[in-house]
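Report on the structure given below.
What follows draws every value from the coordinates through simple rules; no lab data is involved. Since we're looking at a predicted model, the values are computed, not measured. With ideal geometry, Cβ positions are generated from the backbone for all residues, glycine too; neighbour counts draw on all protein chains shown.
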Amino acid sequence: MMVIMAFRFICALLLALCTPTAFGDDQTPEAEKLLFMTADVWPWGYLEDNGAPAGLLSVLAERLAQEADLQLDNRVLPHQRLLSKFKHGEADYTVLFENPYLDEFADSLGVVLSSDILLVTDKDYSGKLTLAALQGKRVGYISGTYYGEAFEQNDSLTKIPVYNLDQAIEMLQLDRLDALISSDIVFHHSLKARELQPDVFRYAVHTRGHAAHLYISRQASNRQLAPRIQAALAQLDKSGELRRLFHSEVRSSTH
């Protein structure tokens, strides 16, 4: 719990350091607002007890707004609701892992992060850590998250959807799952929150370099802001801020 509180404190501190224009007020014209949506998946996005957006992508949204000198309107929504609303232009920008479905209604403004997708089992598991070797096994995954076509199209697994990875880790420890699939970044933060070391589990890279992009909806109302937001993303990349924000110790240990 102390680690979760520390993570939330760091996110809150980063948000507080943003300029007032990132929060803005109701007097700001819609044309000067960054209309953003964040998936309600810890640690990417969640709501604090007071209803304020928090998490890694909420920090990113604040920094983009700050760099682009825009007010931010960030809505945190369940993944499937986000996709539906984003498709119909109820927000202009979001960050999601690349997915063929998104190509139907959104365009990428650039890569935000690159993550390795891991297969994770109990430490005592002795089989191969591949989808083929896990045939018939119970594999936990965060509902709504895209892990690539190989996982998406695999019907030989017993796929168990979970709300967040913390739930999947608990189920794995209770022998209610045989394995789980996760990005290295989410796995890293979930282990820290539980005060666990990576060697408590056995894990291997399923796919490397799974990219998450900053997307703009083709129904965006403020499409004219795209060059400013794209430039802001490029500046955060150039300064190394993106790399620091999305650091994963688990990724370092798998290379």
Considering only region 76-196, percent of DSSP beta bridges that pair antiparallel, nearest 5: 40
Percentage of Cα-Cα pair distances in the chain greater than 31 Å, rounded to whole percent? 25
Kirkwood Rh over alpha-carbon pairs of region 161-219, then Stokes-Einstein at 37 °C and 0.692 mPa s: what D in µm² s⁻¹, rounded to an integer? 249
When only DSSP loop residues count, what GluC sites (Glu not before Pro) in region 171-255 have their Cβ near at most 11 other Cβ atoms within 10 Å? Glu195
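Taking every DSSP beta bridge that has both residues in the chain, what percent is antiparallel when rounded to the nearest 5?
On the way: 25 of 41 bridges.
If I count the DSSP bridges inside the chain, around 60 percent turn out antiparallel.
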Taking the Cα-to-Cβ direction at Gln224 and at Asp199 and moving 7 Å from each Cα, how far apart do the two end points lie in nm? 5.9
For region 114-209, what is the relative contact order in percent, using Cα pairs closer than 8 Å and at least 6 residues apart in sequence? 49
Chain lengthening between Glu152 and Ser239 when straightened (0.36 nm per residue, less Cα-Cα): 27.8 nm
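Please report the orientation-averaged projected area of region 114-209, defined via the convex hull of its C-alpha atoms, in nm².
Projected over every direction and averaged, the Cα hull of region 114-209 covers 5.6 nm².
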Zone reached by a paramagnetic label modelled 7 Å from Asp175 Cα along Cα→Cβ, restricted to region 106-127 with backbone N below 16 Å, covers 122-126
Fewest-first ordering of Ser126, Ser182, Ser221, Ser156 by Cβ atoms within 10 Å yields Ser126, Ser156, Ser221, Ser182
